[in-house]
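Quick notes on the structure that follows.
The values are calculated or read from the model by the stated rules, or taken from the named source; none is laboratory data. Given the structure is predicted, the values throughout are model-derived calculations rather than measurements. Cβ placement follows ideal geometry from the backbone for every residue including glycine, while neighbour counts extend to all protein chains displayed. Only protein heavy atoms, including side chains, enter the accessible area calculation; ligands, DNA and RNA are left aside. Shrake-Rupley method; radii C 1.70, N 1.55, O 1.52, S 1.80 Å.
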Amino acid sequence: MSAKIISGTEVAKAIREELKVEVSELKEKHNVVPGLVTILVGEDPASQSYVSAKNKTAHALGIHSEQVTLDADTKEEDLLALVDKYNKDDKINGILVQLPLPKHINEAKVLYAIDPEKDVDGFHPVNVGKMVLGEQCFLPCTPHGILELLVRSGVETSGAEVVIVGRSNIVGKPMANLMLQKRPAGNATVTLCHTRTKDMDAHLKRADIIIAAVGVANMIKADQVKEGVVVIDVGVNRIGMTDSGKAILAGDVEFASVKEKASAITPVPGGVGPMTITMLMKNTVQAAKQAAGLI
Ligand code: GUN
């Protein structure tokens with residue numbers, strides 16, 4: 001069997017078209033323009049490219065976007081003061097502080113300082129708590145994007161054995177929680193594997209759906225998965241450079257071999273990545289509607 005390729009690029013494009021219409025209606029009917037600020041500390045090339053893609057996408061959808069880049073040696077108190085300034089800025093509905101932050105800055109302290117009503121990343125404990133309880137909140141963008149990919153690709157999750165590899169706060173933990181909830185792309189039986197898992201292969205082998213978010217290039221191979229599995233690959237690993245200086249990317253799953261055994265698989269690039277950015281835009285529009293009292 002050769003797998004159906006789940007194109008995040010295509011699904012993201014469809015959602016962006018919907019958002020573009022929504023943003024234009026918000027402006028026409030309510031004079032509301034959603035606003036997003038991205039804050040990057042330092043010069044990590046991967047972070048620079050993510051942040052620039054986020055601003056470019058916002059701009060293309062008619063979202064007001066501001067981009068702040070700070071020196072790597074910026075003091076924690078100065079970053080906190082900047083977050084506070086944007087908490088009070090009515091033009092800004094969403095605040096995104098790109099992670100990771102330099103070691104001398106307490107990441108949790110900065111994330112907790114963002115007004116939960118502007119926390120379009122869904123990382124503030126108020127939003128994490130609401131997510132666990134199944135209440136209306138900002139869902140973290142990568143897991144949210146994966147739910148949309150599964151729904152829009154017609155993957156049945158109810159009763160499915162879902163194995164998630166990786167227990168990060170950004171992907172693994174929220175993903176596990178969302179997929180066991182009573183909601184679309186939920187109702188699954190969830191196993192969360194991590195570095196201390198004893199028999200990873202036994203878990204992978206019985207999975208109907210594998211979600212890999214570990215950050216190790218090509219870690220999961222064809223002989224570890226069952227025939228017909230659905231694979232969502234969150235990994236974006238830089239494995240080299242083209243002659244023209246472009247990064248060569250690989251996922252956490254060995255695409256070439258696993259696609260021959262899976263029923264559906266996301267590619268890297270063009271899978272989960274475009275969805276993450278798109279869900280950030282969706283959250284920003286949601287934040288603007290909430291601020292305007294429209295939802
Ligand atoms: N770094 C890697 N992924 C993310 C994300 O989704 N949001 C933020 N703020 N930083 C990240």
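Structure summary
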{"item": "Accessible surface, per residue, of the chain when the full set of protein chains is kept, probe 1.4 Å, Å²", "result": "47"}
{"item": "FRET efficiency, Glu227 to Ala247 (Cβ-Cβ, R0 30 Å, nearest 0.05)", "result": "0.40"}
{"item": "R0 of 51 Å, Cβ-Cβ distance Glu260-Gln136: FRET efficiency to nearest 0.05", "result": "0.80"}
{"item": "Accessible surface of the chain, 1.4 Å probe, proportion on carbon and sulfur as whole %", "result": "53"}
{"item": "Charge context of Ile146, other residues only, Cβ under 14 angstrom, K/R +1, D/E -1", "result": "+1"}
{"item": "Two-site label geometry, Ala108 and His59: point separation in nm, points 7 Å out along Cα→Cβ", "result": "3.7"}
{"item": "Contour minus Cα-Cα distance for Ser168 and Glu25 (0.36 nm per residue)", "result": "47.8 nm"}
{"item": "All lysines inside 27 Å of Lys27 as judged from Cα atoms, apart from same-chain residues fewer than 8 positions distant", "result": "Lys13, Lys54, Lys56, Lys85, Lys88, Lys91, Lys118, Lys282, Lys289"}
{"item": "Within a Gaussian network of the chain (alpha carbon springs, distance under 10 Å), most fluctuating of Asn218, Asn106, Asn87", "result": "Asn106"}
{"item": "For region 1-157: relative contact order, % (alpha-carbon pairs under 8 angstrom, 6 or more apart)", "result": "21"}
{"item": "Relative contact order of the chain, pairs being alpha-carbon contacts under 8 Å that are 6 or more residues apart, as %", "result": "22"}
{"item": "Label-point gap, in nm, between Ile295 and Leu70 - each point 7 angstrom along Cα→Cβ", "result": "2.9"}
{"item": "Gaussian network model of the chain, springs between alpha carbon atoms under 10 Å - residue of Glu148, Glu28, Glu260 with greatest fluctuation", "result": "Glu28"}
